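Let me begin by presenting the structure, written as structure tokens, before commenting on it.
The values are calculated or read from the model by the stated rules, or taken from the named source; none is laboratory data. Remember, it's a predicted structure, so these values are computed and weren't measured experimentally. A quick note on method: Cβ atoms are made from the backbone with ideal geometry, for glycine too, and the neighbour counts reach across all protein chains shown.
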Amino acid sequence: MSKRTRIFVGIVAVYIAAVVFLLYRISLDIDPRYRESAEESLVDTANVLATLLERQAYNGVIQTDELERTLQHVAKRPLNAKIFAIEKTAVVLHVYVTDANGIVLYDSAARDIGRDFRGWIDVRRTLDGEYGARTTLADAADPASGVMYVGAAIRERASPQAPDQIVGMLSVGKPVSAFSPFVANARQKLLAAGVISVASFALLLLIVTVWLVRPFGLVTDLWRALRSQRGGAGRVLNPFRVAFADIRDAVTGKSYVEEYVATLTHEIKSPLAAIRGAAELLRDPLPENARVRFTSNIEEQVARAQDMVDRMLELSSLERRAVVAQYEILAVATLADAVRAELAPVAAQRGVEVFIDVGPELEIGGDRFLLQRALANLVSNAIDFAPGETAVTVDAQAARGRIDITVRDHGAGLPPYAQERAFEKFFSTPRPSGKKGTGLGLAFVREVAQLHGGQARLINHAEGGAVATLSLPQSISKSN
């Protein structure tokens, strides 16, 4: 499972957990809210019926005949009420009436007449002038058999001047099961809303992933493909590489040029100052040997400035490239042999021998000229820093789809301060010969490596000297 998929699943899982917790809390609250609503209706019903009985009470005696006939007619009355999704076909009420002592005078179920109900909280509190209500299980073994009761006092006034007296009470009961279908229906709707919410969130997240996150992922994947470009896809990917280069130039152009000009100006001052100083000295009469020395110094500094300008133009041209224009499959051994032949006079002058240990089967893809120039820069650097009568070794190894070309010398190695700055433009360290480099050779190597989807490194070897590595994608020839 990819990291993007794990993040997607994780977000959905957290959202589902939050929705489930919220729905659980709300579902627990549905039943109490329905009971509160039902109790409020029972209060109204109980007080209406109690008021009717008050009109028939006389001298503390409550007449229940009319109430009995009314409830009997109600029980026989046809009823077909569709309350939203629930059909109601009967009036489900239990009514009983007690006297002032709690003795049942009337029971709509005709089973508790004459019994003492003073022990029930709805009866006791109502007869005491308080609000009386209770919920009792009709069957102790069935938790769903609860019946809600609400009491209302039956009052009588003995005379116009006398206060009302409670002569009895009426209690109206309604089974909890009567509104259970409403609770179940509400919970089903709540569950459906939760499922729709989760599905909508997942769909929205998927759309966001596809429309926003995935394009960034595609850009990343495309950029990786461009960096590790192989020959076959070059024509397809070249327009994208050009587009990336245009974006980079647009974003960094101004500051990049300013930095470039400032650095070049600083670096060119040194040879110009040396030329100017030598020219001023040559105005005066000098011994022949001094005149030759100063003339040679001018020529050397002019050559250095020319070399710096040439390399700067070469590097600038390389940095503007977005694609490898002349792509071909190259044998690393052939490149190394060509570089050794090119630098043989320089190596012989320094007393350094160049050894090549590269298998003929190792191949890379790219621009022959640029790759040979990059490798030549590394070998030339190694020759410059290698002591006389030592060797510079060019090696190549294949690992994880890449070719690591290493160039090792046996010199003093890099000073600590130079290890992080070796590939910066115009940065160089003193050579054993005293000659100062342009500081552009390794920067050129890095640009060539990046253009070909690789990288360049320079570190000290554990046994002495420095090791430069040019790491490039390996190409598999069609014959293989």
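On the given criteria, is Thr5 surrounded by 12 or more Cβ atoms within 10 Å (Cβ to Cβ) and either more than 28 Å from Ser200 (Cα to Cα) or at pLDDT below 90 (or both)? Don't jump to the end; show me each part of the working.
Values: surrounded by 12 or more Cβ atoms within 10 Å (Cβ to Cβ): no; either more than 28 Å from Ser200 (Cα to Cα) or at pLDDT below 90 (or both): yes.
Answer is no for this residue.
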Checklist entry - Out of all the residues in the range 321-347, which are at pLDDT below 85, surrounded by fewer than 16 Cβ atoms within 10 Å (Cβ to Cβ) and among the aliphatic types (A, V, I, L, M)? => result Ala325
Checklist entry - What do you reckon, is Gly365 in contact (Cβ under 8 Å) with a residue 24 or more places away in the chain, small (Gly, Ala, Ser) and at positive phi? => result no
Checklist entry - Within the range 19-40, is even one residue surrounded by 11 or more Cβ atoms within 10 Å (Cβ to Cβ), over 30 Å from Ala192 (Cβ atoms) and either free of Cβ contacts under 8 Å to residues at least 12 places away in the same chain or in contact with a strand residue (DSSP E or B) (Cβ under 6 Å, 6 or more places away or on another chain) (or both)? => result no
Checklist entry - Taking the range 127-150 only, how many residues are under 55 Å from the mean Cα position of the chain (by Cα) and either modelled with pLDDT of 95 or more or among the basic types (Lys, Arg) (or both)? => result 1
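Is it the case, given these coordinates, that Arg350 is buried (at least 17 other Cβ atoms within 10 Å of the Cβ), at pLDDT 90 or above and basic (Lys, Arg)?
Values: buried (at least 17 other Cβ atoms within 10 Å of the Cβ): yes; at pLDDT 90 or above: no; basic (Lys, Arg): yes.
Against the criterion (buried (at least 17 other Cβ atoms within 10 Å of the Cβ), at pLDDT 90 or above and basic (Lys, Arg)), Arg350 does not qualify.
Whether any residue in the range 107-119 is more than 24 Å from Ser177 (Cα to Cα), outside any helix (DSSP H, G or I) and modelled with pLDDT under 90 is what I want to check. I'd like the intermediate steps shown before the answer.
Filtering the range 107-119 down to residues more than 24 Å from Ser177 (Cα to Cα) leaves 113-116, 118-119.
Now narrow it down to the ones that are outside any helix (DSSP H, G or I): 113-116, 118-119.
From what's left, modelled with pLDDT under 90: none.
Looking for residues that are more than 24 Å from Ser177 (Cα to Cα), outside any helix (DSSP H, G or I) and modelled with pLDDT under 90, one finds none in the range 107-119, hence no.
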Checklist entry - For the range 163-181, does any single residue satisfy the condition of being out of contact with any Asp or Glu (no Cβ under 9 Å at 6 or more places or on another chain), exposed (fewer than 14 other Cβ atoms within 10 Å of the Cβ) and assigned to a loop (DSSP other than H, G, I, E, B)? => result yes
Checklist entry - Within the range 57-97, how many residues are surrounded by 13 or more Cβ atoms within 10 Å (Cβ to Cβ), outside any helix (DSSP H, G or I) and in contact with a Ser or Thr (Cβ under 8 Å, 6 or more places away or on another chain)? => result 5
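Return yes or no: is Arg408 closer than 25 Å to Thr334 by Cα, of a type in the set (Lys, Arg) and at pLDDT 90 or above? Give the steps one after another, and end with the answer.
Details: closer than 25 Å to Thr334 by Cα: yes; of a type in the set (Lys, Arg): yes; at pLDDT 90 or above: yes.
Considered against the rule, which asks whether it is closer than 25 Å to Thr334 by Cα, of a type in the set (Lys, Arg) and at pLDDT 90 or above, Arg408 comes out as yes.
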Checklist entry - When the range 353-381 is examined, which residues are found to be over 23 Å from Ala466 (Cα atoms), touching an Asp or Glu at 6+ places or on another chain (Cβ under 9 Å) and surrounded by fewer than 18 Cβ atoms within 10 Å (Cβ to Cβ)? => result Arg368
